[in-house]
Every structure is written in structure tokens, then in C-alpha cells.
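Enquirer: Below is a structure I'd like to ask you about.
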Amino acid sequence: MPIRILRRGENLRAHGEDQEYVTTLAQSPFDLPPISVHRETMRILDGMHRLKAAKLRGDQSIEVVFFDGDEEDAFVAAVASNARHGMPLSFDDRTVAATRILGSRPHWPDRTIASVTGLDPRTVRALRGGLGVPDAPPANLVPLERPRPAAPPVRPALPGRAPAPLPSAPVHQVAREFQLDPRAVVDVLNRLRRGLPELPGVPYGSGPRSPA
């Protein structure tokens, strides 16, 4: 994807990106993992350090994985990703994110919001009380992903495999099962969720990856 058409996402870090970390990534001999981009807005959800490193290298393009969903879905996805790998969000940044999620998804249980933000459920509980947000219904089971439209009982077969029910397992688990690159699985699922027929994917790079 051409770097020039990508837009900066919401700033989840109060102090911005770490330039020393950007320099370290730029000097790495490994390929940079793809960044996550909200398809509708072309905003970056996860990967600003990697994008800046690519620019520092003089790259004109970068690999991306698209996310489909509305703005709040995209925010939740960005928080969940940035809270866990590379240079995780600070405690204060995660607290700010949890406060916003409580506002947009007050029906989510504390444990669900905690799992997204990487906070302790008790911290989320305290935030909920401080904001005056009503408790989530006790029996409410909330998926972390955006609700999907009704799907047929079977999905098109992944390459070389028999048809199977649309998986609800994590992408990396499905990728291991079918011996595929996780980005290929994401591409297939995104097509199915948009009601498009499965098409042969574009080959993905197989070079070594380093965490970012």
C-alpha cells in the first residue's frame, strides 16, 4: 500500500511515538510486519512506529492488513492491538481508552473491557463507578468482534481444504489449522463478512518477521 495515501489514526499515546524505537525498527534487518488499517477511512489502527520506520528507511509502500467496521469498532481494535505488543500503551493511555470504551459500550462487562485494554477488571470496575456508568447485565455475553451478519452454514473451502463452518476461533488458531499465513485468513474472512465470494488471495511475503 502506498504510504502517501495512509492517514494517521487516533493518537492512543499521550506522549506520541518513541523515536528511539522507530530508529531501532528502521535499522532492523527483518521485514516489518504489516500495519493494521481501517479500510473505510485509511486510518492507521496499529503500526505508527512501523510506518515511521518505513519512512525513515525511505520506503514508498508498506504491507497492510485491513480492518472492516465502524469508527468505534476501529478504536477498540486499535486499543486491543496496541495494548499488547511492540511498545505497549502506558497504564494512563489504557485507562483513557477504557474510559472511552465505557462510554461507547457501557453494556460490556468489566472483564471484556479489561481484556481489550490490558487493565485489571477491578480497575475497570473503579472507572465505571467513578463515571457513574450502570453495571453491565450479569448474563450479558459480549463478543470482542463486531457482530457479523447471518452466514450460511458452510463457507467456501480454504485452499486445498474441504468446506467447514465459518470459524469463530482466533485468526492465528485458524491459520495454524489450515497451515496458512494469518493475513490470508484475515483476507478470506473479511471477504465473507462483506458478502463477497472468496477469491484467490495475493501471495504474501514469507520473509522472517520481528515483533513491532
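Bear in mind that the values in this text are calculations on the coordinates, not laboratory data. Because the structure is predicted, anything quoted here is derived from the model rather than measured. Don't worry about glycine lacking a Cβ; one is built from the backbone with ideal geometry, like all the others, and counts go over all protein chains shown.
Enquirer: Extending each Cα 7 Å along its Cβ direction at Glu72 and Asp135, get the distance between those two points in nm, one decimal.
Expert: In this crude spin-label approximation the distance works out to 2.2 nm.
Enquirer: Roughly speaking, what is the stretch gain from Arg122 to Thr41, that is 0.36 nm per residue apart minus the C-alpha to C-alpha distance, in nm to one decimal?
Expert: Computed gain between Arg122 and Thr41 is 25.7 nm.
Enquirer: Taking H as built 1.01 Å from N, whose amide H comes closer than 5 Å to the amide H of Ala83, not counting residues under 5 places away?
Expert: The answer is Leu89.
Enquirer: Under 5 Å between amide H atoms, partner at least 5 residues away or on a different chain: which partners does Arg43 have, H built in plane at 1.01 Å?
Expert: Amide H neighbours of Arg43, under 5 Å, 5+ apart: Arg7, His38.
Enquirer: Quick one: go through segment 53-72 and flag any residue whose amide nitrogen is under 16 Å from the point 7 Å out along the Cα-to-Cβ line of Thr24.
Expert: Residues 53-54 fall inside that zone.
Enquirer: From the phi angles alone, apply the Karplus equation (6.51, -1.76, 1.60; θ = phi - 60°) to segment 129-134 and give each ³J(HN,Hα) in whole Hz, x where the residue is Gly or Pro.
Expert: Values per residue, Gly and Pro as x: x, x, 8, x, 7, x Hz.
Enquirer: Under the rule of at least 5 residues apart or a separate chain, name every residue whose amide H is placed under 5 Å from the amide H of Ser28.
Expert: Amide H neighbours of Ser28, under 5 Å, 5+ apart: none.
Enquirer: Placing +1 at every Lys and Arg Cβ and -1 at every Asp and Glu Cβ, with all other atoms neutral, what dipole size does segment 1-69 have around its Cα centre, in debye to the nearest 20?
Expert: Taking the Cα centre of segment 1-69 as origin, the dipole is about 260 debye.
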